[in-house]
Amino acid sequence: MAPSKVNSAGDASVSCSQPENGFLNSLSLLSSEKAVQELLQQSPVQSTDDHLIEFSDAMRTVAKALRRAAEGKASAQAEAAEWKRKYELEKARNLHLEHKEQSHRENNGGDERTENLASRSNEQSEQCCGSNGICSHEVLRDGDRDSASKVVPNKFARKASFKLSWWCKGDQSDQHKHDIVSFERGNITTAERSSKQISLKWESQPQTVIILTKPNSTSVRILCAEMVRWLREQKKLDIYVEPHVRAELLTESSYYNFVHTWKDETEIMLLHTKVDLVVTLGGDGTVLWAASMFKGPVPPVVPFSLGSLGFMTPFHSERYREYLDSILKGPISITLRHRLQCHVIREAAKNEYETEGPILVLNEVTIDRGISSYLTNLECYCDNSFVTCVQGDGLILSTTSGSTAYSLAAGGSMVHPQVPGILFTPICPHSLSFRPLILPEHVTLRVQVPFNSRSHAWASFDGKDRKRLAAGDALVCSMAPWPVPTACQVDSTSDFLNSIHDGLHWNLRKTQSFDGPRDT
Ligand SMILES: NC(=O)c1ccc[n+]([C@@H]2O[C@H](COP(=O)([O-])OP(=O)(O)OC[C@H]3O[C@@H](n4cnc5c(N)ncnc54)[C@H](O)[C@@H]3O)[C@@H](O)[C@H]2O)c1
Ligand SMILES: Nc1ncnc2c1ncn2[C@@H]1O[C@H](COP(=O)(O)OP(=O)(O)OP(=O)(O)O)[C@@H](O)[C@H]1O
């Protein structure tokens, strides 16, 4: 074994090595004594400081481990919620089939032989959904079924069912290949792409509509009163509005007594079990407001434009009768707008039960410096791999629907809303090389305020509900299982292109004249 080294200053470095002959290396002993003497000569304050630093490091490690556990719990909860949803869907489907089976037997006087329920169940779901359709009871009747049936036993049965399927251009039948990628004789071929037009077909007549309106607008108030009257008298629909809107309608006339509303959060949580269609009267903010009311599945939304920009509101309010007439008949072209679910994980949370509930966003979650004048310093991880440290004004995690909102203003790309992905867009990064990213939709992102951060950060959700993130706090974000289905005026792509042309005047330039120099 090599002997202890002597440095240029003649000091021997401390070594634990034993000489091969078994005797202690005298040089090493000498240096150990010297080290002890040096340690004793050190001031007691210095050594106490060192211990404190060591202790605080140890505490940080423990805190980090606790936070990881809380984050793990948050993602496990999200996963559990997804499994619960799948289980409830399966249960609802079986109940539905059982019910059909029973009425079928009753209709046939009970003399038909009992068939195998499982095989029938497969058969019927094939008939009902086709090979690649999505049924309304899959989309809408999720985990709240039991609680819903306790509170509104009769309403649940009245909800209209529908079916979603892909539309190929020029082909409106449901017969398409199901596989996304096929692998035959060693050749990989893309058989189906994710961004085909989705079509919604009603299987029973919609009966209940909720109208959500932009506040403090006279034109919206007048249109709302007119639309309520028309939907009631011409379409015989049940109508829900927000409590203050019902009060406004009643001050106008007692005629509006038939309009429904809700009293509290619990009833709002059950709205998706009663409502077949959501109509919004306002701008994009009203669509965001409507989406935020549904913390789980969202019924199809028909956004009428009564704002100034209206990127997500393709329906002109003057022609509402014509549009609603055709939407209530169906089929409707639909854009399934993905949402992000965000969890705030507090460093100070003493146990896992203090983890805050998820917040769903349709546009984006923003983590910024708020009123602080310091740079934000945000550590970002994607599925536990380190992505980068954002030093600047902040970071936007956006859906593709939100790509044309704040993310666009911060230099992010515009993305078709049907593309599945999460945009990672910095706000004023103090770096010459920070380009925005687009990540696949299956990742989980974690943005953390480091312990040594000079200031707090602030998270906001679709521009609302600002939450302070202290040092050590983190925001965990992934794709939510409940998209917002919005009705298209033409189809997903035409509506998107019309919006970027009409709303944002994208790439508007005077056409160069013919008159001038040219290649000969
Ligand atoms: N610098 C910015 O561009 C900036 C700053 C803050 C918030 N915002 C956006 O405002 C949104 C909240 O909207 P609001 O109406 O409640 O607030 P708001 O009244 O401040 O309106 C914000 C503007 O963004 C437009 N907008 C909203 N969503 C859009 C989308 N998906 N595509 C294109 N334009 C969209 C709206 O039409 C409106 O003109 C946030 O989600 C955020 O994206 C943008
Ligand atoms: N029903 C509602 N209750 C409370 N707030 C709402 C409601 N609907 C919309 N808002 C809020 O009102 C604000 C303005 O709404 P919206 O964007 O629809 O109208 P706008 O500002 O006139 O539209 P635009 O931005 O296109 O000019 C938004 O911040 C939105 O969140």
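The values are calculated or read from the model by the stated rules, or taken from the named source; none is laboratory data. Not measured: the values here are computed from a predicted model. Because the Cβ atoms are built from the backbone with ideal geometry, glycine has one as well, and the counts that use them run over all protein chains shown. For the accessible areas, the whole protein counts, side chains as well, though only heavy atoms, and no ligand, DNA or RNA atoms are used. Shrake-Rupley method; radii C 1.70, N 1.55, O 1.52, S 1.80 Å.
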Seminar exercise, completed: Checking 424, 386, 461 in turn, the sole residue that is farther than 30 Å from residue 198 by Cα and among the aromatic types (Phe, Trp, Tyr) turns out to be 386
Exercise. Any residue at all in the range 427-436 that is within 16 Å of ligand 2 (Cβ to nearest atom), of a type outside the set (Asp, Glu) and outside any loop (DSSP other than H, G, I, E, B)?
Worked result: no
Exercise. Can you name the residue in the range 278-323 that is over 27 Å from residue 357 (Cβ atoms) and aliphatic (A, V, I, L, M) and is also nearest to ligand 2 (Cβ to nearest atom) among such residues?
Worked result: 309
Exercise. Residue check, residue 475 against (1) under 17 Å from residue 393 (Cα atoms); (2) over 14 Å from the mean Cα position of the chain (by Cα); (3) of a type in the set (A, V, I, L, M, F, W, C), all met but one. Which one?
Worked result: (2)
Exercise. Name the residues in the range 393-425 that are more than 12 Å from ligand 1 (Cβ to nearest atom), closer than 19 Å to residue 475 by Cβ and either in contact (Cβ under 8 Å) with a residue 24 or more places away in the chain or crowded, with 24+ Cβ neighbours inside 10 Å (or both), would you?
Worked result: 395, 422, 424
Problem set entry | Test: residue in the range 482-499 that is assigned to a strand (DSSP E or B), within 15 Å of ligand 1 (Cβ to nearest atom) and under 24 Å from the mean Cα position of the chain (by Cα) | yes
Exercise. If residue 372 passes every condition in (1) assigned to a loop (DSSP other than H, G, I, E, B); (2) in contact (Cβ under 8 Å) with a residue 40 or more places away in the chain; (3) farther than 23 Å from residue 431 by Cβ but one, which one does it miss?
Worked result: (3)
Exercise. So is residue 503 within 22 Å of residue 296 (Cα to Cα) and not β-branched (Val, Ile, Thr) or not?
Worked result: no
For this session: Return a yes/no flag: does the range 436-459 have any residue that is more than 17 Å from residue 392 (Cα to Cα), open to solvent by 10 Å² or more (accessible area, probe 1.4 Å) and of a type in the set (A, V, I, L, M).
Result: yes
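Filter the range 439-466 down to residues that are among the charged types (D, E, K, R) and more than 25 Å from residue 421 (Cβ to Cβ) and give me whichever is modelled with the highest pLDDT.
First, the residues of the range 439-466 that are among the charged types (D, E, K, R): 441, 446, 454, 462, 464-466.
This time we only want the ones that are more than 25 Å from residue 421 (Cβ to Cβ), so: 454, 466.
Values: 454: 90, 466: 95.
Only one residue tops the list, namely 466.
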Exercise. Does residue 361 meet the test of being modelled with pLDDT of 95 or more and touching a Lys or Arg at 6+ places or on another chain (Cβ under 9 Å)?
Worked result: yes
For this session: Tell me which residues, restricted to the range 291-319, are free of Cβ contacts under 8 Å to residues at least 12 places away in the same chain and under 22 Å from residue 202 (Cβ atoms).
Result: 319
Exercise. Given (1) more than 31 Å from the chain's Cα centre (by Cα); (2) modelled with pLDDT under 75; (3) among the hydrophobic types (A, V, I, L, M, F, W, C), where does residue 191 come up short, assuming only one miss?
Worked result: (1)
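Taking residue 226, is it open to solvent by 40 Å² or more (accessible area, probe 1.4 Å), at pLDDT 95 or above and away from ligand 2 (no atom under 16 Å from the Cβ)?
Answer is yes for this residue.
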Problem set entry | Answer from 345, 367 - the residue that is within 16 Å of ligand 1 (Cβ to nearest atom) and within 30 Å of residue 60 (Cα to Cα) | 367
